[in-house]
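What follows is one structure encoded as structure tokens, with my remarks underneath.
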Amino acid sequence: MEKITFKKVLLIIQFFFLGHHLAAQNENSISKKPYKSQTYFSFGAGVSFLGGVPDNFYQDGHGNVQIGLMKELPFNKRVSFVTGLELERLTYNLDFFPVLEENNQAFIQAPDGVKYTRVFQNSLNLSAQVRIYFKENSGKQTSNIFLQTGLRGGYNLSTTFSFRENNQNQSINLSKVARPFNLQAELMLGFKGNYFKKLEILNASTFGLTYQFNSPISAKNVESIRPIHLTWRFLF
């Protein structure tokens, strides 16, 4: 009896390990998520363009900078949901000057003696986007290319007009005519993993276009401005 029982126990143990091994293989083959989540520190910078600016205002280049955190939540090995919280600083170089009277809020051409006119806008942005991988995303370090698209909504923290007159730097608070919120759409191309061997900094980065649906300023004659940002973000 003892001998038969011992053989049965060995047989049961063998079947247990075999079943566990087959279940693990099957689970890996049909797994929908390569990992639970991934958090990135993000830093981005780029150039911006303004459409809808009145012809009498000269433009001299614009820029954008972002810093924040992003989180990727995979749905499966091809598609992920990406959300992020970023501080953004936009700089617009325009040859104009604000008129902030109670019944007349508009922008005019910068008067003689006023130069280096810029608008600085700081905002806090929250994004909700979808990331689609070109190849199967089987792990955090898998080399891959992806498209990322979705929306960003931002709250305007401050908008300041800066200029130089009589050899002195001056500024004007534009909170009265600044839009409190912005809504943007993004389309990005990105890379992850050990994709580039000579330019390793590109191995976790996205490059693309952001279109803003509303003007950053609500004053007359500039409320039709539409910003477009080209940005390269690096993820760490």
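The values are calculated or read from the model by the stated rules, or taken from the named source; none is laboratory data. Note that the structure is predicted; figures quoted are calculated from it, not measured. Quick reminder, even Gly has a Cβ in these numbers, built from the backbone with ideal geometry, and neighbours come from all protein chains shown. All accessible areas refer to the heavy atoms of the entire protein, side chains included, with ligands and DNA or RNA removed. Shrake-Rupley method; radii C 1.70, N 1.55, O 1.52, S 1.80 Å.
Worth pointing out:
- The strands (runs of 3 or more DSSP E) found entirely in the stretch 79-134 that carry 3 or more residues being under 15 Å from Val65 (Cβ atoms) and open to solvent by 10 Å² or more (accessible area, probe 1.4 Å) are 79-94, 114-133.
- Scanning the stretch 204-227 finds no residues that are open to solvent by 80 Å² or more (accessible area, probe 1.4 Å) and among the polar types (S, T, N, Q).
- For the stretch 49-75, taking the residues that are among the polar types (S, T, N, Q) and open to solvent by 60 Å² or more (accessible area, probe 1.4 Å), the one that is farthest from Thr206 (Cα to Cα) is identified as Asn56.
- Among the residues of the stretch 139-153, the ones that are over 11 Å from the mean Cα position of the chain (by Cα) and either open to solvent by less than 70 Å² (accessible area, probe 1.4 Å) or of a type in the set (D, E, K, R) (or both) come to 7 in all.
- Cβ-Cβ under 6 Å pairs, at least 6 apart or on other chains, the stretch 122-150 side under 14 Å from Asn194 (Cβ atoms), far side part of a loop (DSSP other than H, G, I, E, B) and aromatic (Phe, Trp, Tyr): Lys140/Tyr35; Ser143/Tyr195; Ile145/Phe134
- Checked against the criteria, Lys192 counts as surrounded by 17 or more Cβ atoms within 10 Å (Cβ to Cβ) and basic (Lys, Arg).
- Only one entry in Thr142, Thr160 is at pLDDT below 95 and among the hydroxyl-bearing types (Ser, Thr, Tyr), namely Thr142.
- Taken over the stretch 171-189, the criterion of being under 22 Å from Thr149 (Cα atoms) and either open to solvent by less than 60 Å² (accessible area, probe 1.4 Å) or part of a loop (DSSP other than H, G, I, E, B) (or both) is satisfied by Asn182, Gln184, Ala185, Glu186, Met188.
- Residue ID - farthest from Gln129 (Cα to Cα), chosen from residues in the stretch 154-170 that are of a type in the set (Phe, Trp, Tyr) and open to solvent by less than 70 Å² (accessible area, probe 1.4 Å): Phe163
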